Each structure stands twice: as C-alpha cells, then as structure tokens.
Amino acid sequence: MDLPLAESWKIKMIEPIRKSTRSERERWLKEAHYNVFKLKAEYVYIDLITDSGTGAMSDRQWASLMIGDESYAGATSFFKMEETVNRITGFKYVLPTHQGRAAENVLFSCLVKEGDYIPGNSHFDTTKGHIESRKAFAIDCTIDEALNTQLELPFKGNVDIQKLEKVLIEHNDKIPFIIVTITNNAAGGQPVSMQNLREVSRLAKKFNKPVLFDSARFAENAYFIKTREKGYAGKTIKEICREMFALADGMTMSAKKDAVVNMGGFIATNMEEWYEQAKIKGIVFEGYVTYGGMNGRDMNALAVGLDENTEFENLETRIRQIEYLAARLDEFEIPYQRPAGGHAIFIDAPKVLTKVAKEEFPAQRLTVELYLEAGIRGCEIGYILADRDPVTRENRFDGNDFLRLAIPRRTYTNNHMDVVAVALKNVFDRRNSITHGMAIEWEAELMRHFTVKLKRL
Ligand code: F0G
C-alpha cells in the first residue's frame, strides 16, 4: 500500500486562536460596516482573508533574523538576498522594496504615463490601481475560459494570444510593457503554462515590447508546470523557475507570498535602463538601494524563504492542502473556480446565492454569511473589488464574483480546512433563504473594497 502524503515539516511553535459566539460576531460585523477588512483579527477564528504575509516561517528563516546586517548601505543581508534572487530567477539587478505594490509603484513611476495601455492577464488590484491612478489603462487579455468556473483546464490563468496581439496592434506606441501575473490571482490562483509564456515572449519580441512578470506566486506556478505540463515532470522547481524568468525582462515580487515572509518585496531585471531609473525612484519612495524599505534581518529571511519554497516538497504540501479543501467542497457540491488554484479556493458566489441580484454583490453577502456562521474570514474578489470603470463610473459586472478563501502557507491544518468546508456547507444548505445581498453606503474612488461601508439588505 502506498503511504499517504503528510506535511514536509513538523510544528515547533504555535499561536492560540479563539472561537466566538454568533451574537458577538453579529455585533462586531455591524460595527465593521459589514466589511471584513475592518474586523479586529482577534474576532476571527480561521483567517483566510489572504495568504500574503501570513505564512509560518521556518526555523532556518527565524535563525537568519538573528544575523541580519542592519547597516544602512552595503549590508551583507542585501547581498545574500541578491545572490538568491540572481540564482533563482537569472535576473542580474535586484532592488528591494517593502512589499509588492511598492515594487509596482517604483517601477511604474518610471515606465507608465498617462494614456498608456498595459495589457496582461487579470491584473491584480494594486497593479490595476498603479496603472489607473496614472491615468493609463489595464487591458485584461486573460483567456475567456477563465470566466467559466466549471470548466477544468490545467492552465486557466493563460494569456489569450489573439487578444494580446490585437491590443499590441491597436495601441502599439502607447504600450510600455506587457505584464503577466504568475499565478493569475484574480482568475482564481490559476497557473500560466510555459508554452503560453513562450508565446507571449515571442509576440512581445515581434512588437519590440518588454515583458514583466508579476511574480508573487511564481513558485506555485512552477509547481503546476512540473505536475501538469508535458515535458516538465523530470525538471526541478528551480530549473523551471529559471526557464520561466528567461522569458521575461523583469519581475515585480511580493515576497509575502512565495518567499514566505511577513513583509518584503523587490524588483529584479536584466534591463539596465529599468534598473537605473528604478534606483532613483526607489531611493525617493523606499530607501537606499541595498535595503529599499526592508530590514537586514528581513532580507535574510526572504533569501532563505525563497530557497526553501522553490523546493518541490514544500510546494506539494501546500498545494495538496488546497486540493484537500476542494475535495471537501466537492462532497457538498459547492461550486468554485475549477480546478483548485495554487493559493486559494474561489467560491462562485452567484452560483450559490442564485436569488441575490448582481447589483447586491453576492460574493460580499457570502463573505458576510461565512463569517457569521463560524468566524471564518474570507474576502470578496468580485464586483466590489473590481471598482468602477474609470471612464463611465459604472460598476464593473463583467468578471467573476468570488468569495476567496486564501490559505496561508504552513499555518493551518486540514482539521481547520474541515471546519471551513462544513461551515460553508451550512451556509450552502440555507442558500435559498438568502434573497438579498448588500448595499454600499460609502466608497472610496479607487480600491474601494478595503474601506467600503456596507449595509445588509
Ligand atoms: N501582485 C499579486 C498577484 C498579488 O496577489 C499581490 C498581493 C500583489 C501583487 C501586491 O503585493 O501585497 O506585497 O503589496 N496580493 C495580496 C492578496 C494582498 O491578498 O492577494 P503586496
């Protein structure tokens, strides 16, 4: 008999978590204007709001904190981080930033002008924010199949090459670069195939455009290439990473995901011109070029985390946990973006709350119901997060409306996943009694989901 698969680590330190009562949760959520971002974390039992900065560091990462070099300039910690990024990505120039959106801010300040077009695959909300706040346009060229949650495709995060080519032809002189997000978070943590990255790169060369990878979950993308794409089963994750990055000219990185640190990020590139410009903006916004918003100790932990999380066993443990939760949801026939993604399960809210009109934000209502049911905090990646169209100011209902359950790395066990699955089943069982959603009472102009005030209808 084959041995079952267990975690590739054991636990050395724990953090107690607490349950609450339904009436407490009713009160807390009302005080939070039905926006789970406004809840105190201590009011949450199982926190699946994000997998960003919420992972458990390894003993080697914690040990590396003690020997961080906090020198203002030229810290050994920077060179450790730089060497690791060079080795894993093949990019020569490395500029630290305090997190992923800071990397976007620094680089886009150099590259994005008013009226520009930035084609890509489902730009993440901060990426879109950094484009739209500069009065440029983020053009989503994700394959149409990604919208159909029930379709099983191995690489549902892919770029539609025809759509991309059309944008490149129509707006050629207004396109500073193409961005590819690996894995594609907004489409459900779905991977992009090596074949697709190759096609993007070929097209970019034809139009003489650089390619930037938004790389927050690049290691998870490499895992899917290894396990799903023909010809990669025998390659190591690190070999696959080098091959992926060879198809890009640069990357922005939120190290809070696949480097398993609580804070950190960077820009890496082989384009000297990008690096020279970014250095200047980096100093103004983030800090000197060898720390850019990070502590020496954090750069050490980032280096160790990147190395560890580009090993197969670590990724396998993680992604199997997402698959475990997916299998439990299958048992209860709860619809989610199929197949399960790399970092999260995305519940297809309009398919659950079929009686709630899209104008009443079904995914936000489901987020609210799950919290009230069991103190589990997911988050809406849907119509509220999509913001309004910058030109027409209409709500954007053309994408998916998901309740995302993001699983922090190495943090919860499968027993927690069972609680999540059963809580969701309880909500699912009473779905037909939920006929109304939410209404917005106040919203910000951009990235409204963080601060929106809502009421329950
Ligand atoms: N790119 C992607 C694909 C992301 O998922 C995120 C963050 C960022 C960039 C920005 O990085 O948070 O370090 O500034 N995603 C988190 C999430 C917040 O919950 O999905 P950051």
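The values are calculated or read from the model by the stated rules, or taken from the named source; none is laboratory data. Just so it is clear, the model here is predicted, and its values are computed rather than measured. Ideal geometry is used to build each Cβ from the backbone, glycine not excepted, and the neighbour counts take in all protein chains shown. Accessible surface is based on the protein model in full, side chains and every heavy atom, while ligands, DNA and RNA are left aside. Shrake-Rupley method; radii C 1.70, N 1.55, O 1.52, S 1.80 Å.
Structure summary
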| read-out | value |
| --- | --- |
| Residue in the range 69-87 that is farther than 22 Å from ILE280 by Cα, hydroxyl-bearing (Ser, Thr, Tyr) and more than 16 Å from the ligand (Cβ to nearest atom) present | yes |
| Residue that is surrounded by the fewest Cβ atoms within 10 Å (Cβ to Cβ) [pool: residues in the range 154-178 that are of a type in the set (Val, Ile, Thr) and in a helix (DSSP H, G or I)] | ILE169 |
| Number of positions in the range 124-143 that are within 20 Å of the chain's Cα centre (by Cα) and either open to solvent by less than 20 Å² (accessible area, probe 1.4 Å) or among the charged types (D, E, K, R) (or both) | 10 |
| Exclusive hit being in the same structural domain as GLN364 (by TED's automatic domain parsing) and open to solvent by less than 100 Å² (accessible area, probe 1.4 Å), set ALA32, ALA6 | ALA32 |
| Only listed residue being surrounded by fewer than 19 Cβ atoms within 10 Å (Cβ to Cβ) and among the aliphatic types (A, V, I, L, M), chosen from LEU151, LEU95, LEU107 | LEU151 |
| Any chance ALA326 is among the aliphatic types (A, V, I, L, M), touching a strand residue (DSSP E or B) at 6+ places or on another chain (Cβ under 7 Å), within 26 Å of LYS128 (Cβ to Cβ) and open to solvent by less than 10 Å² (accessible area, probe 1.4 Å) | no |
| THR411 touching a residue at least 12 places away in the same chain (Cβ under 8 Å) and either within 18 Å of the chain's Cα centre (by Cα) or loosely packed, with under 13 Cβ neighbours inside 10 Å (or both) | yes |
| All positions within the range 293-313 that are of a type outside the set (D, E, K, R), in a helix (DSSP H, G or I) and more than 18 Å from the chain's Cα centre (by Cα) | GLY296, MET299, ASN300, ALA301, ALA303, VAL304, PHE312 |
| Residue count for the range 45-64, restricted to those that are over 30 Å from GLY296 (Cα atoms) and open to solvent by less than 10 Å² (accessible area, probe 1.4 Å) | 1 |
| Members of the range 91-101 that are under 14 Å from SER215 (Cβ atoms) and either in a helix (DSSP H, G or I) or within 12 Å of the ligand (Cβ to nearest atom) (or both) | THR97, GLN99, GLY100, ARG101 |
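Every residue, every condition in (1) open to solvent by 10 Å² or more (accessible area, probe 1.4 Å); (2) of a type outside the set (Asp, Glu); (3) touching a residue at least 60 places away in the same chain (Cβ under 8 Å); (4) touching a strand residue (DSSP E or B) at 6+ places or on another chain (Cβ under 9 Å), yes or no:
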site: PHE266; (1), (2), (3), (4): no, yes, yes, yes
site: GLU313; (1), (2), (3), (4): yes, no, yes, no
site: ARG320; (1), (2), (3), (4): yes, yes, yes, no
site: LYS355; (1), (2), (3), (4): yes, yes, yes, no
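Conditions tested, residue by residue: (1) over 23 Å from LEU39 (Cβ atoms); (2) in the same structural domain as ALA186 (by TED's automatic domain parsing); (3) more than 16 Å from the ligand (Cβ to nearest atom); (4) of a type in the set (Val, Ile, Thr).
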| site | (1), (2), (3), (4) |
| --- | --- |
| LYS351 | yes, no, yes, no |
| VAL368 | no, no, yes, yes |
| ASN400 | yes, no, no, no |
| ILE407 | no, no, no, yes |
| VAL427 | no, no, yes, yes |
| MET438 | no, no, yes, no |
| GLU445 | yes, no, yes, no |
